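Have a look at the structure below before the remarks.
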Amino acid sequence: MESIQAVKGMNDILPGQIEWWQRVEETARRVMEDFGYREIRTPAMEKLELFARGIGDSTDIVEKEMYVLEDSKGEKLALRPEATASVVRAFIQHKLHADPLMQKFYAIGPMFRHERPQKGRYRQFHQIDVEAFGMDDPMLDAEIIYMLRIFLERVGLSGVVLHINSLGCPECRKTYRKVLQDFLEKDAETLCPDCQRRRLTNPLRTFDCKVERCREALEGAPLLLESICGACSDHFERVKASLYALDTPFVINPRMVRGLDYYMRTTFEVITDRLGAQNAVGGGGRYNGLVKDLGGPDLPGIGFAIGMERLILLLQQEREESRRSPKIFIAALDDAARQKGFLLTQQFRNAGIETEMDYEGRSLKSQMRRADKFSARHVLILGEEELARGEIQLRDMTDKSQKNLSLETVVEAMKGIYKQ
């Protein structure tokens, strides 16, 4: 008899893998709670109406991706495709808005979307979700983005870029919607079927399309960021100023729209170039009208979600790259330097720092090329002059900066760098 397999796009998390998940979840809990967020857990299934009203009827999620079923009484239900609508529903239902200590929440759990499984994207996937209510200050926007940055740093992810944009307010978008529709009308026949439909129902969604001919048609399109009102422009400027103050670098991406209708004003994504088309590790934005739209008080809100599968995949890639490459390469320029370099190599290894060196007396240029092939993070250069001064030259292969270190303390200095 043929064995039963797991549903396509819904994966088991086995011993050996679960430890990655536990580490990410534990780090998330520590960081979120340091910032004053409290954990909430909502059901995996909700009434279909919640997502249709909350996310938007014209989004791909509602139109094509939700798992929908009907119970014995004919009520339509859906497996949650995202967490924000569920958290907002719980916030309203339990009147948490009446408690000033119940305004900031985080949640960790599975979501469900019926789409083609691909690298980092599955039909059952998991998210870390963060939501804050009742505060409309741009400093909160910057703070929540900063919290996302701190979490990613603490969990050990590098090589990502923060993109930010402003989607303005509903009044900004009313005027812009007509301008964009008029622009798309000129090349309507070249758009994919989805974008031909979006052009009429939700033209802003066309910026999210991955089809090349649609991307080409949108080149030169008017941008919402150029049309936002004075109040929204001021809000965005203050967000940027706060991010500068927090030393959090960002790129302004005026074509970033996110995939949900409830976003307004500040939106943001953390982008990587290591996952192909699915390049967002996490993202979010402000949704000031959502609580009211779902039957609650007129309170502002902002939040973000992180895809755990994508995050863990990137962390595992970084671990493998780290294992394959030495952290330090020692380039010694003569016999005496090689002797000292040999001793240092063993001292670094004994301290738990992967280290390689050249034993064959090659030129400095050849040794630097060899260090590049090893993808070494740092090169320590030692020659006759350095030995005479009791120093060794440290070159950072990432930014090409150089400085001299004492030979007596270089092992401790490098241990300090790699413990950061």
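For the stretch 335-342, the count of residues that are of a type in the set (S, T, N, Q) and either exposed (fewer than 14 other Cβ atoms within 10 Å of the Cβ) or assigned to a helix (DSSP H, G or I) (or both) is at least one.
Take THR355 and tell me if it is surrounded by 18 or more Cβ atoms within 10 Å (Cβ to Cβ), touching a helix residue (DSSP H, G or I) at 6+ places or on another chain (Cβ under 8 Å) and among the polar types (S, T, N, Q). Against the criterion (surrounded by 18 or more Cβ atoms within 10 Å (Cβ to Cβ), touching a helix residue (DSSP H, G or I) at 6+ places or on another chain (Cβ under 8 Å) and among the polar types (S, T, N, Q)), THR355 qualifies.
Of all residues in the stretch 351-375, those being hydrophobic (A, V, I, L, M, F, W, C) and in a helix (DSSP H, G or I) number 4. Listed by first and then second residue, the pairs linking a residue in the stretch 357-376 that is acidic (Asp, Glu) to a residue that is surrounded by 14 or more Cβ atoms within 10 Å (Cβ to Cβ) and part of a helix (DSSP H, G or I), with Cβ atoms under 7 Å apart and 6 or more places separating them unless they lie on different chains, are ASP358/GLN367; ASP358/ARG370.
So that you can scan it fast, the table gives a plain yes or no per residue for (1) polar (S, T, N, Q); (2) surrounded by 16 or more Cβ atoms within 10 Å (Cβ to Cβ); (3) outside any helix (DSSP H, G or I):
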site: ILE144; (1), (2), (3): no, yes, no
site: MET147; (1), (2), (3): no, yes, no
site: LEU157; (1), (2), (3): no, yes, yes
site: ILE164; (1), (2), (3): no, yes, yes
site: LYS178; (1), (2), (3): no, no, no
site: ASP194; (1), (2), (3): no, yes, no
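Reported count of residues in the stretch 1-39, each being closer than 21 Å to ARG113 by Cβ and hydrophobic (A, V, I, L, M, F, W, C), is 6. Which members of the stretch 361-420 meet the condition of being closer than 11 Å to ALA332 by Cα, surrounded by 15 or more Cβ atoms within 10 Å (Cβ to Cβ) and of a type in the set (A, V, I, L, M, F, W, C)? Selection gives MET368, VAL379, LEU380, ILE381, LEU382, LEU387, ILE392. Could you tell me which residue of the stretch 208-248 is surrounded by the most Cβ atoms within 10 Å (Cβ to Cβ), considering only residues that are of a type in the set (Val, Ile, Thr) and over 18 Å from GLU269 (Cβ atoms)? Ranking the qualifying residues of the stretch 208-248, first place goes to ILE228.
Considering the stretch 26-40, the residues that are touching a helix residue (DSSP H, G or I) at 6+ places or on another chain (Cβ under 8 Å) and closer than 14 Å to GLY109 by Cα include one that is surrounded by the fewest Cβ atoms within 10 Å (Cβ to Cβ), namely GLU39.
Every read-out reported here was derived from the displayed coordinates using simple, explicitly stated rules and does not represent laboratory data. These numbers come from a predicted model, not from an experiment. All Cβ positions, glycine included, derive from the backbone under ideal geometry; neighbour counts span all protein chains shown.
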